[in-house]
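Student: I'd like to ask you about the structure that follows.
No value in this document is a laboratory result; all are computed from the given coordinates. Everything numeric here is computed off the predicted structure, so don't read it as measured data. Every residue, glycine among them, receives a Cβ derived from its backbone with ideal geometry; neighbour counts consider all protein chains shown.
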């Protein structure tokens with residue numbers, strides 16, 4: 001076994017997630033278009049949009065401070081940091097040895113994601129536009145409902161593995177295939193609710209809208225342009241694939257335990273297949289439902305909280 | 001008030017003249033104009049206006065159709081005239097009398113003033129502000145001193161619709177304060193300025209929300225960014241030339257505007273379109289209504305972020321617009337209606353229209369079932385943006401918006417035009433809903449679209465033979481007035497046209513359906529949260545171009 005260092009592997013997985021993020025969005029968009037009897041743009045369209053943004057100049061509001069320019073880079077950086085913490089290709093069972101993901105655990109991952117969200121909102125407020133403030137206020141309202149539930153879901157699984165290290169959790173769960181109890185089902189259900197919210201999709205947010213007044217996440221990006229917008233859009237693609245990878249690590253962890261090239265290829269194939277399943281789930285939901293009335297969101301996300309809470313309770317009792 | 005409601009007599013020119021004459025103590029002169037059956041009441045004193053309007057709106061249950069000001073300083077009496085055109089407005093479930101009562105008052109050339117009707121009739125608000133902007137006629141006692149059509153920086157004392165204003169001039173833009181609007185103050189109150197440039201490709205309008213959190217406290221709308229001065233532009237043109245401008249007032253109601261203008265011209269010329277043309281005009285009108293309504297239902301789905309519905313609506317609209325192009329060479333059906341009749345004979349496309357109409361009807365039924373069975377969609381539509389029947393009546397709302405608030409009025413029935421009147425008249429079924437919310441406006445639209453499908457299939461199967469067009473005189477009679485109402489997809493469009501001494505256009509005024517309905521949007525928006533405003537707005541689906549003109 002050519003001993004790749006854990007560091008190199010973690011960074012390699014991070015790079016993979018950042019590179020594949022836009023492709024996942026492209027696939028979801030294509031699936032949605034087909035479900036709505038449209039032809040739709042090619043699955044590579046998000047990459048084209050990103051390169052277009054890189055070539056464009058930046059326009060900044062007069063009211064924006066210097067911090068505004070730093071926001072996109074910081075958001076992208078924190079999201080990439082989160083991407084380094086999820087197991088994708090391999091996850092050895094935690095045999096007491098060095099952790100496969102030496103950079104941090106699930107709580108840090110949630111922290112990085114929360115930091116990205118916080119920075120995006122601060123940037124939107126800093127620009128001084130009405131839509132940015134509106135988007136930020138809504139995003140934060142949703143965040144207060146989403147983040148605690150996400151913690152609960154992670155805890156409900158980590159009490160089984162006895163660790164909050166995602167690599168170790170995934171490795172541990174990989175060992176006991178087939179045992180999928182009531183707490184797992186409840187937690188997975190909560191996680192799927194959160195997946196819709198965290199990826200900014202219907203019924204929580206509508207990523208395709210041009211109606212400024214209805215926007216959540218898009219509203220916060222309105223004042224950004226050019227390379228800055230590139231960073232934020234790429235960060236959003238990355239966040240989406242990270243959350244999808246998190247779902248897989250917690251609930252569908254059939255991840256090879258070895259770092260041999262063949263095993264890694266197998267891991268990549270398995271990851272692609274599972275991601276496709278989640279993409280189909282998102283596309284189906286987006287094509288079947290209208291967006292919820294904003295004040296109904298607490299009810300919807302409350303269902304997620306309830307199932308996550310029950311999952312934890314069942315585990316501990 | 002209830003007592004008065006019960007005692008409304010059957011309206012006719014004779015009844016109106018008698019009641020109005022008695023109320024004003026004889027200080028009024030009557031004539032039968034613009035049409036034989038209409039009444040024009042010339043008041044001796046402008047001060048009697050409020051009294052006359054109390055009689056018409058309170059006693060006789062009439063509503064304000066439009067207000068037309070004219071600059072007659074170069075004519076015999078050397079003054080400004082303001083015509084307040086009323087029509088029967090209290091729904092009875094039966095066809096209302098096809099009657100216009102024009103109350104005419106004179107305003108002095110030196111300092112034109114008339115009493116304001118707005119405190120009495122909220123529906124007069126925009127008309128009077130427009131008259132103040134474009135003619136400099138001051139409505140004394142109007143509660144809103146802000147301009148409507150002219151925006152900040154337009155020089156004071158420059159009135160574009162006066163005859164001595166040269167439309168070719170380029171007035172200097174003066175420094176001026178930003179959009180004066182109602183400022184709401186208090187802890188946590190924010191202003192959200194939206195537009196006039198939007199993220200999507202839509203027409204320009206500026207909306208200023210005052211909100212606490214997501215709750216709308218007040219909404220000020222500023223329109224007229226696309227004011228092109230079309231009414232000024234057509235002055236001095238022959239009605240034949242002016243027709244092409246009237247047809248292009250806006251895109252989505254091209255047939256309605258073309259037809260209303262054509263009927264006004266025909267009235268002046270004393271010409272009636274031949275039967276085949278009248279029936280073909282209804283075909284065009286209903287095709288226009290159908291493609292608008294299915295497209296609007298799709299757009300409402302976009303407002304609720306229901307993608308499947310949006311795509312379905314777009315698909316149906318596209319199919320219909322392709323058929324429009326086959327029929328007339330234009331996706332908006334332009335070039336179909338001409339003064340005197342129609343230009344195209346639909347016979348060759350009759351089978352295709354029948355098929356497209358039938359398929360559209362079937363697909364629309366499926367779409368509506370999908371909407372009604374999807375709780376996530378119904379939850380967005382129900383109770384959102386309610387416009388109560390009282391508000392709808394006070395603001396003079398028309399079309400789908402009025403019928404969804406329980407007001408049973410439809411110009412196809414109440415002011416029969418094209419083949420909706422006369423021998424073999426086409427009788428449309430009028431659909432209403434009392435709820436007044438977005439859901440009601442969707443339901444009424446769907447029912448009307450289904451009715452259009454029925455009418456289209458019935459019409460193309462039984463077109464009467466005959467010529468397509470009646471000859472119009474080369475020069476129209478001088479100093480004649482025509483008024484025509486057409487039920488456009490958005491409601492009743494009223495066109496008022498007068499010829500000058502050479503038979504050319506002296507004054508042309510359009511009150512589009514959108515113009516009548518815009519003031520209702522900020523009212524309905526108060527019963528929705530900020531992120532639901534696009535949905536409320538789309539449920540009215542008003543046009544900016546034919547409001548701004």
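Student: Partner chain Cβ atoms within 10 Å, averaged over the residues of B:306-314 - can you pull that number for me?
Tutor: So the per-residue partner count for this stretch is 5.
Student: In whole Å, what is the distance between the alpha-carbon centres of region A:267-293 and region A:190-254?
Tutor: Result: 13 Å between the Cα centres.
Student: If packing is taken as the average count of other Cβ atoms within 10 Å, what order do B:86-99, B:515-528 fall into, highest mean first?
Tutor: Details: B:86-99: 18.7, B:515-528: 22.5.
For the peptides B:86-99, B:515-528, the packing ranking is B:515-528, B:86-99.
Student: Moving to a separate point now. Where in region B:243-278 does the label zone of residue B:345 land, with the point 7 angstrom along Cα→C-beta and an amide N cut-off under 16 Å?
Tutor: The answer is B:274-278, whose backbone nitrogens lie closer than 16 Å to the label point.
Student: Hey, with R₀ at 60 Å, roughly what FRET efficiency would residue B:425 and residue A:277 work out to, going by the Cβ-Cβ distance, to 0.05?
Tutor: It comes out at approximately 0.50.
Student: Next question, about the same structure. How high is the FRET efficiency from residue B:458 to residue B:197, r the C-beta distance, R0 56 Å, rounded to 0.05?
Tutor: Once rounded, the FRET efficiency stands at 0.80.
Student: Also: With a point put 7 Å past each Cα toward its Cβ, work out how far residue B:76 is from residue B:164 in nm, to one decimal.
Tutor: 2.3 nm
Student: Pairs of alpha-carbon atoms within less than 8 angstrom and 6+ residues apart define the contacts here; what relative contact order does region A:1-60 have, in percent?
Tutor: With pairs under 8 Å counted, the relative contact order is 27 percent.
Student: Order these peptides, A:213-221, B:454-462, by their mean beta-carbon neighbour count within 10 angstrom, highest first.
Tutor: A:213-221, B:454-462
Student: What whole-number distance in Å separates the alpha-carbon centres of region B:215-255 and region B:486-549?
Tutor: If you average the Cα positions of each part, the centres end up 9 Å apart.
Student: Measuring from a point 7 Å past the Cα of residue B:152 along Cα-to-C-beta, which residues in region B:196-230 have an amide N at less than 13 Å?
Tutor: Only B:196 fall inside the zone, counting backbone N under 13 Å.
Student: So, in nm, how far is label residue B:36 from label residue B:390 when the simple model puts each one 7 Å beyond its Cα toward the Cβ?
Tutor: Output for this residue pair reads 4.3 nm.
Student: With everything on Cα atoms, drop me the angle between helix A:297-316 and the longest principal axis of chain A, reported from 0 to 90° to the nearest 10.
Tutor: 20 degrees
Student: Could you sort B:465-473, B:505-513, A:201-209 so that the peptide with the highest average Cβ count within 10 Å comes first and the rest follow in order?
Tutor: On the way: B:465-473: 13.7, B:505-513: 25.1, A:201-209: 22.0.
Highest to lowest by the protection proxy: B:505-513, A:201-209, B:465-473.
Student: Continuing with the same structure: Taking R0 as 45 Å, what FRET efficiency do you get between residue B:113 and residue A:295 from their Cβ-Cβ distance, rounded to the nearest 0.05? Please list the in-between numbers first.
Tutor: Working: r = 49 Å, r/R0 = 1.09.
Working from the Cβ atoms, E equals 0.40.
Student: In addition: For region A:188-250, rounded, prolate or oblate, judged on the Cα gyration tensor with a ≥ b ≥ c (square roots of eigenvalues), a/c < 1.5 rounded, else prolate if a/b > b/c?
Tutor: Note, shape of region A:188-250 comes out oblate.
Student: Can you give the mean number of other chain Cβ atoms that lie within 10 Å of the Cβ atoms in peptide B:380-391?
Tutor: Working: counts 6, 1, 1, 1, 1, 0, 0, 0, 0, 0, 0, 0.
Average per residue, whole number: 1.
Student: To continue, here is another question. With the contact rule set at Cα under 8 Å and sequence spacing of 6 or more, what percent relative contact order holds for region A:173-292?
Tutor: 36 percent
Student: Enter the angle in degrees (range 0 to 90, nearest 10) between the Cα long axis of helix A:261-288 and the first principal axis of the Cα atoms of chain A, meaning the one along which they spread out most.
Tutor: The angle comes out at about 50 degrees.
Student: When the Cα centres of region A:5-61 and region B:145-160 are compared, how far apart do they sit, in Å?
Tutor: 50 Å
Student: Let me ask something else. Classify chain B from the C-alpha gyration tensor, please: rounded if a/c falls under 1.5, else prolate or oblate depending on whether a/b exceeds b/c.
Tutor: Cα axes put chain B in the rounded bin.
Student: Using just the helices of the protein assembly as shown, give the 222 nm mean residue ellipticity in deg cm²/dmol: DSSP H runs with n ≥ 4 each add -39,500 (n - 2.57), and the total is spread over all residues, rounded to 500.
Tutor: It comes out at -16000 deg cm²/dmol, rounded to the nearest 500.
Student: Which whole-number percent is the relative contact order of region B:397-549 (Cα, under 8 Å, 6+ apart)?
Tutor: 23 percent
Student: Using a 10 Å cut-off around each Cβ of peptide A:204-215, what is the average number of partner chain Cβ atoms that fall inside?
Tutor: Values: counts 0, 1, 5, 1, 4, 6, 7, 14, 8, 15, 10, 2.
Going residue by residue through A:204-215 and averaging, the value is 6.
Student: As I understand it, the value is the acute angle between the Cα axis of helix A:45-55 and the longest principal axis of the Cα atoms of chain A; what does it come to in degrees, rounded to 10?
Tutor: 60 degrees
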